[in-house]
Amino acid sequence: MQKLHEKSAVSLAAGFAFFLILPFVIMQIVNRRNFQEEFPVMLFFVLWLNLFALTTILLPILWAKRRGTRRSTQLTSPTSSLMASVALMLPIVVVSYLGFIRWESLEQLFNGPDRTQFYLPGQLIMLGLFAFPIAAGVIASRSIANTLRSGGGIFAHPIHLIIVVVISFLFTSGVITLIIDQWPCFMGVPNCD
């Protein structure tokens with residue numbers, strides 16, 4: 001039953017994210033001036049991924065809050081889920097720091113030897129790093145959801161809540177930034193990039 005619930009949550013999150021970006025895809029298609037140019041698939045994938053991550057993190061909390069208390073819910077150890085969330089965030093902190101100090105090897109790792117060419121290993125590494133905060137947010141949100149289902153309050157584990165709020169804020173700001181940055185392209189302005 002729990003596995004079925006998790007699968008439906010993931011498919012609901014994927015569908016919800018798709019339907020949220022669909023108007024922007026339609027705007028991009030309708031307002032294109034030059035059909036010879038390449039369609040920005042990566043832009044829409046990143047938009048979808050941000051919305052999918054946000055929905056995947058927040059959906060268990062919303063469902064638990066809405067469905068109310070059930071006696072049979074197992075409590076997850078808050079300490080172990082907190083340690084797992086923090087451990088998943090450490091690689092992002094380290095990579096961010098290395099990017100901040102402009103470590104040359106990090107630049108080559110993501111962009112390859114030639115920055116002008118598409119570098120698949122670097123893109124896969126970035127996608128893997130993108131999965132760490134999603135996993136940390138899901139672990140923290142599941143702990144909050146389990147507490148809500150067992151009759152506890154949303155503020156029972158404040159550090160988990162902080163992790164969920166911070167990660168959700170970052171994904172939300174990523175979506176808003178991408179939409180604001182690409183709005184002229186969605187509206188059909190020539191040479192918008």
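If a residue has to be in contact with a Cys (Cβ under 8 Å, 6 or more places away or on another chain) and in a loop (DSSP other than H, G, I, E, B) to count, how many in region 176-193 make the cut? Spell out how you get there, then give the answer.
First, the residues of region 176-193 that are in contact with a Cys (Cβ under 8 Å, 6 or more places away or on another chain): 182, 184-185, 192-193.
Those still in the list that are in a loop (DSSP other than H, G, I, E, B) too: 192-193.
Total satisfying the criteria: 2.
Do we find that Arg115 is without any contact (Cβ under 8 Å) to a residue 40 or more places away in the chain and either surrounded by 15 or more Cβ atoms within 10 Å (Cβ to Cβ) or among the basic types (Lys, Arg) (or both) in this structure? Full working, then the answer.
On the way: without any contact (Cβ under 8 Å) to a residue 40 or more places away in the chain: yes; either surrounded by 15 or more Cβ atoms within 10 Å (Cβ to Cβ) or among the basic types (Lys, Arg) (or both): yes.
Judged against the criteria, Arg115 is a match.
Can you tell me which residue among Leu124, Leu98 is in a helix (DSSP H, G or I), at pLDDT below 65 and either touching a His at 6+ places or on another chain (Cβ under 9 Å) or over 30 Å from Phe155 (Cα atoms) (or both)? Explain how you work it out, then say what you get.
Numbers: Leu124 fails: at pLDDT below 65.
Within the list Leu124, Leu98, the selection yields Leu98.
Please find, among Leu4, Leu12, Leu47, Leu43, the residue that is of a type in the set (A, V, I, L, M) and modelled with pLDDT of 90 or more. Explain how you work it out, then say what you get.
On the way: Leu4 fails: modelled with pLDDT of 90 or more; Leu12 fails: modelled with pLDDT of 90 or more; Leu43 fails: modelled with pLDDT of 90 or more.
Being of a type in the set (A, V, I, L, M) and modelled with pLDDT of 90 or more holds for just one of Leu4, Leu12, Leu47, Leu43, which is Leu47.
Please work out if Phe169 is surrounded by fewer than 14 Cβ atoms within 10 Å (Cβ to Cβ), of a type in the set (A, V, I, L, M, F, W, C) and outside any helix (DSSP H, G or I).
Numbers: surrounded by fewer than 14 Cβ atoms within 10 Å (Cβ to Cβ): yes; of a type in the set (A, V, I, L, M, F, W, C): yes; outside any helix (DSSP H, G or I): no.
It is false that Phe169 is surrounded by fewer than 14 Cβ atoms within 10 Å (Cβ to Cβ), of a type in the set (A, V, I, L, M, F, W, C) and outside any helix (DSSP H, G or I).
Would you say Ser150 is of a type in the set (S, T, N, Q), under 16 Å from the mean Cα position of the chain (by Cα) and closer than 20 Å to Pro60 by Cα? Quick ask: steps written out before the conclusion?
Numbers: of a type in the set (S, T, N, Q): yes; under 16 Å from the mean Cα position of the chain (by Cα): no; closer than 20 Å to Pro60 by Cα: yes.
No: the conditions fail for Ser150.
Condition test on Ile167, is it at pLDDT 85 or above and closer than 24 Å to Leu49 by Cα? Step through it out loud before you land on a result.
Values: at pLDDT 85 or above: yes; closer than 24 Å to Leu49 by Cα: yes.
For Ile167, the condition - at pLDDT 85 or above and closer than 24 Å to Leu49 by Cα - is met.
The values are calculated or read from the model by the stated rules, or taken from the named source; none is laboratory data. None of the values given here were measured: they were computed from a predicted structure. Every residue, glycine among them, receives a Cβ derived from its backbone with ideal geometry; neighbour counts consider all protein chains shown.
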